[in-house]
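The values are calculated or read from the model by the stated rules, or taken from the named source; none is laboratory data. These numbers were taken from a predicted model, which means no experiment stands behind them. Note: ideal-geometry Cβ built from the backbone for every residue, glycine included; neighbour counts use all protein chains shown. Just so you know, the surface numbers come from the protein's heavy atoms only, side chains and all, with ligands and any DNA or RNA stripped out. Shrake-Rupley method; radii C 1.70, N 1.55, O 1.52, S 1.80 Å.
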Amino acid sequence: MDKEYIKKLAEDPNFIPGIYNYCDRWCERCPLTSRCLNFALSEEQFDDPQALDINNKAFWQKLSEVFQVTLEMVRETAKEQGIDLDSLDVQQAGQEHEKNRDIAENHECCRAAKAYSQMVKTWFDSSEKLFEEKGDDLSLQVRLELPNSNPAEEAASLKDSVDIIRWYQHFIYVKLVRAMHSMAYAITGSLEEASWSLDEVPKDSNGSAKIALIAIDRSIAAWGQMYEHFPQHKDNILNILVHLDRLRRKTEAAFPDARAFVRPGFD
Ligand code: SF4
């Protein structure tokens, strides 16, 4: 991989610029893989199974190559824009980054999102037997061929709900931290704030908050399905649903413009 190749690829008008910035990174389910430069590059760079194995040397070599090329491109872009990266006060920038990260992580939305990740873990850790029983129950339904029952459909719906919950379990926290982090920069003052002072420039904080909200919406729907699948565990599931609903409302209050943010390609 070299930067000239990436630049040439990026010129392909079929790719939607920035589509990968506010997606949910669930490429397996993404309807726009053919329009995503990030997907095209990942497919090409990590097509060798060894390069996908974190325990394999090939993976780290590939990752190192990607970082090297990215760094070259950042340097080149900075030069084109007249920015001398060597003159930047890296220590001060690092301190500012840490400070804003602290502000972000300690915001009530991020703390609630982190608590949610833990609630999911606790629920699944304690539900192993529940899933075994459900599996037995569905197998029995298959054998008995009961009228008005569709065990295959129920199993597929259950799997889908679990997949959704697991996919977004940590994603919500990560995206909210990013949203809060971006907002913290805007409040404390930075280069990013200067670019955002233009009204027409969409705020990264709103885009990140929007995808977090979408992840919350989908997680709520998936837990709603779980509620139907496991009526004997309604109380626990209801607690999680209440927590997520509060998180959704707090996030909407913290980012009142997030829902209106237009994500490239998706909205
Ligand atoms: S836009 Fe779609 S294909 Fe691209 S990174 Fe996001 S989920 Fe994956």
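Computed extension length for H170-I83: 27.8 nm, one decimal, from 0.36 nm per residue of separation with the Cα-Cα distance subtracted. Considering only N38, N21, N148, the Gaussian network model of the chain with Cα springs below 10 Å gives its largest mean-square fluctuation to N148. Stretched out straight at 0.36 nm per residue, the stretch from E128 to A253 would grow longer than its current Cα-Cα span by 41.4 nm.
Label positions at D245 and D136, each projected 7 Å from the Cα along the C-beta direction, are separated by 3.4 nm.
The residues packed around V66, meaning those with a beta-carbon under 12 Å from its beta-carbon, carry a net charge of -2 if Lys and Arg are +1 and Asp and Glu are -1. Computed about its Cα centre, the charge dipole of the chain is approximately 660 debye, with only Lys, Arg, Asp and Glu carrying charge at their Cβ.
Note on the chain: with neighbouring protein chains present and a 1.4 Å probe, carbon and sulfur make up 53 percent of its accessible heavy-atom surface. Heavy atoms of the protein chains alone define the surface here; on that basis the chain has 61 Å² accessible area per residue at 1.4 Å probe size. For region 46-132, what value does the Rg/Rh ratio take when both radii are computed over Cα atoms and Rh is the Kirkwood radius, given to two decimals? Rounded to two decimals, Rg/Rh equals 1.18. In the chain, the DSSP-assigned H stretches of four residues or longer account for a calculated mean residue ellipticity at 222 nm of -22500 deg cm²/dmol, using -39500 (n - 2.57) per stretch and the full residue count as denominator. Within region 218-263, all pairs of alpha-carbon atoms sorted by distance into 5 Å bins from zero give the percentages 5, 21, 23, 18, 13, 11, 7, 3, 0.
Charge tally for A179 (other residues, Cβ to Cβ under 11 Å; Lys, Arg +1; Asp, Glu -1): +3. Computed over region 1-108, the percent of Cα pairs more than 25 Å apart is 43.
Cross-link list K57/K129; K7/K203; K7/K250; K134/K250: which exceed 29 angstrom alpha carbon to alpha carbon? Too far apart for the 29 Å limit: K57/K129; K7/K250; K134/K250. Across I83, I16, I216, mean-square fluctuation computed from a Gaussian network of the chain (C-alpha pairs under 10 Å connected) peaks at I83. Considering the zone a paramagnetic label at M119 would reach in this model (a point 7 Å from Cα along the Cα-to-Cβ line), which residues of region 225-244 have amide N under 11 Å from it? In region 225-244, the label zone of M119 (backbone N under 11 Å from the point 7 Å along Cα→Cβ) covers 236-244. From the largest down, the chain spans 73, 43, 34 angstrom on the principal axes of its Cα atoms. For the options G224, G82, G207, a Gaussian network treatment of the chain with springs between C-alpha atoms closer than 10 Å singles out G82 as fluctuating the most. Each Cα pair under 8 Å and six or more residues apart adds its sequence gap; the mean of these over the residue count of the chain is a relative contact order of 23 percent.
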